[in-house]
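Enquirer: A single structure is presented below for examination.
No lab work stands behind these numbers, since they all come straight from the coordinates. All values derive from a computational prediction rather than experimental measurement. Every residue, glycine as well, gets a Cβ built from its backbone with ideal geometry; the counts of neighbours run over all protein chains shown.
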Amino acid sequence: MSNKIQVKDKTFAVSIPQEKILSEVKRVAAEINRDYAGQEPVFLAVLNGSFVFAADLLREITIPCEISFVRLASYQGVSTTGEIREIMGLSVDVTNRPVIIVEDIVDTGLTMAHMLDTLKKHNPSKVDICTLLLKPGKLQVDLDIRYCCMQIPNDFIVGYGLDYDGYGRNTKDIYTLCD
Ligand code: 5GP
């Protein structure tokens, strides 16, 4: 079987097979089970990209917890601060509760930095970031990422929830864009 897929006009090759992804998800879930024992965290999964990761991660969490799904709405502000992102769909009251943000990939880190700022206005007792993937070579801000399944090079990837132009989310493996 070919290890390549076509998504719209681009070709991608398998870079992280399903077995590797799932073993790293289990490793991180075990860390969370240990660190958050007795704390009843709220997982906040950032849609759309994290839906597959969140589903696998949550099934490995054995401590009492809740999960909610949020979106980051981007729009242009009227001031010179430029782009503003607000959290849409935060349906759980996180006041005085520990929150674990579940993200698909941290690239420049700007999305997570905005998310942290906005979330803090809802007064959680603490916030940790849990990301499936991190591109350390692209990080532009100082982010404390407590849980990270895998670090990857600066290439564009799809699969396991991540898309190219809306497509390619529905694969078990992760694929990297071919040259
Ligand atoms: P950041 O704000 O950290 O630069 O960007 C984070 C977001 O960019 C991710 O949530 C994801 O939606 C998107 N992103 C960054 N790198 C990739 C990539 O390699 N593939 C895909 N599909 N999305 C990416």
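Enquirer: Could you tell me how many degrees, from 0 to 90 and to the nearest 10, lie between the Cα long axis of helix 18-35 and the main elongation axis, the longest principal axis, of the Cα atoms of the chain?
Expert: With both axes taken from Cα atoms, the answer is about 10 degrees.
Enquirer: Hey, which of these cross-link pairs are over 29 Å Cα-Cα: Lys10/Lys126; Lys10/Lys138; Lys20/Lys138; Lys8/Lys172; Lys8/Lys138?
Expert: Over 29 Å Cα-Cα: Lys10/Lys126.
Enquirer: When the helices in the chain are scored as -39500 (n - 2.57) per DSSP H run of 4 or longer and the sum is shared across all residues, what 222 nm value do you end up with, to the nearest 500 deg cm²/dmol?
Expert: Value at 222 nm, helices only: -6500 deg cm²/dmol.
Enquirer: Still on this model: Going by C-beta contacts inside 10 Å, put Ser50, Ser91 in order with the fewest on the left.
Expert: Ser91, Ser50
Enquirer: Here's another thing I want to ask about it. What is the fewest-to-most order of Val42, Val92 by other Cβ atoms lying within 10 Å of their Cβ?
Expert: Result, fewest neighbours first: Val92, Val42.
Enquirer: Please order Glu31, Glu19 by the number of other Cβ within 10 Å, starting at the fewest.
Expert: So the ranking, lowest neighbour count to highest, is Glu19, Glu31.
Enquirer: What ratio of Cα Rg to 2.2 N^0.38 Å holds for the range 122-179?
Expert: So the Cα radius of gyration is 1.35 times the expected 2.2 N^0.38 Å.
Enquirer: Residue by residue, what Karplus-based ³J(HN,Hα) values in Hz, rounded to whole numbers, does the range 51-64 have, using 6.51, -1.76 and 1.60 with θ = phi - 60° and x for Gly and Pro?
Expert: Once θ is set to phi - 60°, the couplings for the range 51-64 become 5, 6, 4, 4, 5, 6, 4, 4, 6, 9, 8, 10, 8, x Hz.
Enquirer: Taking the Cα atoms only, what angle lies between the long axis of helix 110-120 and the longest principal axis of the chain, rounded to 10 degrees?
Expert: For helix 110-120, the angle is close to 20 degrees.
Enquirer: Here is a further query. Name the long-range amide H neighbours of Thr171: under 5 Å, sequence gap of 5 or more, or other chain; modelled H, no Pro or chain starts.
Expert: Correct list: Tyr160, Gly161.
Enquirer: Based on Cα positions only, what radius of gyration and what Dmax would you give for the chain, in angstroms?
Expert: Gyration radius and largest Cα-Cα distance of the chain: 16.5, 53 Å.
Enquirer: A follow-up question, please. Based on the alpha-carbon gyration tensor of the range 81-169 and its eigenvalue square roots a ≥ b ≥ c, which shape applies: rounded if a/c is under 1.5, prolate if not and a/b is larger than b/c, or oblate?
Expert: Judged from the Cα gyration tensor, the range 81-169 comes out prolate (a/c at least 1.5, a/b above b/c).
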